[in-house]
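Below: one structure, written as structure tokens.
Taken together, the values in this text are just the output of simple stated rules run on the coordinates, not laboratory data. Just so it is clear, the model here is predicted, and its values are computed rather than measured. We place every Cβ from the backbone using ideal geometry, glycine too, and count neighbours over all the protein chains shown.
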Amino acid sequence: MTPSYRALRAAVLRGEATFIAATETALNEITAHNPSLNALLEVYTEEALTAARAWDAAVAKRAPLPPLAGLLYVHKDNIAVAGHRLGASSRILEGFVSPYNATVIERLKAAGAICIGRANCDEFAMGSSNENSAYGPVAHPWLSGYVPGGSSGGSAAAAAAGFCHVALGSDTGGSVRQPAAFCGLYGLKPTYGRVSRYGLIAYASSFDQIGPLSANLEDLILAYEYIAGFDPRDATSSTEAVEPYQPTPPPKKWAWLLPEGLHPEVEQALTTLQGRLQERGFHCENIDFPYWDYLIPTYYVLTTAEASSNLARYDGVRYGHRAAEATSLETLYARSRSEGFGKEVKRRILLGTFVLSAGYYDAYYTRAQQVRRLLYEYTEELLSQYDLLALPTSATPPFRLGEKTTDPIQMYLSDLLTTYANLTGHPALQVPIAQTQAGLPIGLQLMGPMYAENLLFAAAHAMVGNL
Ligand code: GLN
């Protein structure tokens, strides 16, 4: 496993390590393991080496070192990096090169971080296993034959395989937290509005948030602090101040939300953890969450509606793939979209168009908006009585490649526990807590009040017990 960025930086400043050597180590890992993992679609070898050399030169001259100098990260293939391909792992964006940087990329760059590659993902971030990518599935970094989770499966596999300190993903319904859980990492879905969406390819705009994944909690917090904060280029960006995290005693009054039907090893891991926390003076209370049945339908009505609108811009005229033999504008649109989009994306565009159609709008879309509001209010009420909510990140450990691809409903149900925080906008942190007997990771999810990311970090620290 890669040492944490903080450890690397300290060693560099003591003269015991160099950024170039750390970058070369990561590049060697990529060369050795990326062909079988398929986690990265592109590696920025020369740019990374040049940047690392420049930071080593700064150290040699005792020049001031920016806060993230030499931190290695990858970006999901739906976050724009100027001058590089950007594809959302879709054929429809074939050949498209981004003319600008996403705000998160600008900020990490300004802080000295080094972008080492572009990560595979489910097409347009739609999926839970990374099996919907036009560039092939990503393998689980620990056990072959299993999925790494999705849709940020490439980001998760890259972070778990030691290709980087931090990976950027996007989370619309769990796509940072669930792959982080499947790969034994920390993963944060920030409060909605916390991190700028400027330069993120939109899936469902009122849900999407960029978030970091990392094997190391400190590194995740560091990256989060630099990407978070108001951005005038995103109209939904929050002006709420981002307070630097200071280790504090953890909040101790936790409400636990445990649905029926959890995988026995997941349930066991959670009850064991509850017991340990209680011995340490935490108040853990199991509460009856009344809305489990509403999460998936509400999520899929609203996100497909937004997706059908957001994806209307891929028409064969402005970006990427254009059908070769179109005879009219109409056939150009139809053929380019038919050829460019994969099956799951088409399914969601159709579903979204249906729920927004004049005859069904009130029955589905309006109703789902009402449920969303109710969920938010219920959660705010719950968080006025408890410090935070604890729930599994996924009801099951990682599943096998191909296990759910023929049944979209089964695949959708695997998002049950993560869609909740996107529906309400609250921040949620995935924390690795245990492993199954087969050696696959199990994760816990912590949800807190709006903008209280620091509270989640404090709680996670209490569980690792150090920092
Ligand atoms: N798995 C969920 C979906 O398919 C979540 C995706 C995401 O968060 N981008 O929609």
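General remarks:
- Both numbers refer to the Cα atoms of the chain; Rg and Dmax are 21.4, 72 Å.
- Database remark: amide H of Asn216 closer than 5 angstrom to the amide H of Tyr186 (H placed geometrically; neighbours at sequence offset of 5 or more, or on other chains; Pro and chain starts carry no H).
- Cβ charges +1 (Lys, Arg) and -1 (Asp, Glu), total dipole of the stretch 149-255, debye: 300 debye
- Magnitude of the charge dipole for the chain, about its Cα centre and with charges confined to Cβ atoms of Lys, Arg (+1) and Asp, Glu (-1), is about 740 debye.
- Protection proxy ranking of 227-236, 428-437, 193-202, 177-186 - average other beta-carbon atoms within 10 Å, highest first: 177-186, 193-202, 428-437, 227-236
- Here the scattering of the stretch 413-454 is modelled by Debye summation over its C-alpha atoms, one equal scatterer each and no solvent; at q = 0.15, 0.30, 0.31 Å⁻¹ the log10 of I(q)/I(0) is -0.45, -1.03, -1.06.
- Per-peptide average of other Cβ atoms within 10 Å, ordering 439-449, 120-130, 280-290 highest first: 120-130, 439-449, 280-290
- Largest to smallest principal axis extent of the C-alpha atoms in the stretch 239-362, angstrom: 72, 37, 32
- Cα pair distances exceeding 15 angstrom across the stretch 271-331, given as percent: 73 percent
- Pairwise FRET efficiency - Thr353 versus Arg276, Cβ, R0 = 56 Å, nearest 0.05: 0.70
- Length released on extending from Ala363 to Leu65, taking residue separation times 0.36 nm less the Cα-Cα span: 101.6 nm
- The lysines within cross-link reach of Lys61, meaning a Cα-to-Cα straight distance under 25 Å and a gap of 8 or more places when in the same chain, are Lys109.
- For the chain, share of DSSP beta bridges that run antiparallel, in % to the nearest 5: 65 percent
- For the stretch 22-81, the C-alpha radius of gyration divided by 2.2 N^0.38 Å, with N the number of residues, is 1.29.
- Separation in nanometres of the label points that stand 7 Å from Cα toward Cβ, at Glu377 and Glu240: 2.0 nm
- Burial ranking of peptide ranges 297-303, 22-28, 94-100 (average Cβ count within 10 Å, highest at the top): 297-303, 22-28, 94-100
- In summary, the convex hull built on the alpha carbon positions of the stretch 1-47 has an orientation-averaged projected area of 3.8 nm².
- Global dimensions of the stretch 375-467 from alpha-carbon coordinates: Rg and Dmax equal 15.0, 44 Å.
- Proximal lysines relative to Lys404, as straight alpha-carbon distance under 22 Å, when same-chain residues fewer than 8 apart are discounted: Lys343, Lys346
- Charge-dipole axis of the chain as Lys and Arg at +1 and Asp and Glu at -1 on Cβ define it, positive-most pick from His283, Tyr420, Leu86: Leu86
- Projecting the Cα positions of Gln274, Thr331, Trp292 onto the charge dipole of the stretch 272-348 (unit charges on Cβ atoms of Lys, Arg, Asp and Glu, taken about the Cα centre) puts Thr331 furthest along the positive direction.
- For the pair Leu329 and Phe230 in one chain, pulling the backbone fully straight at 0.36 nm per residue adds 31.6 nm over the alpha carbon distance.
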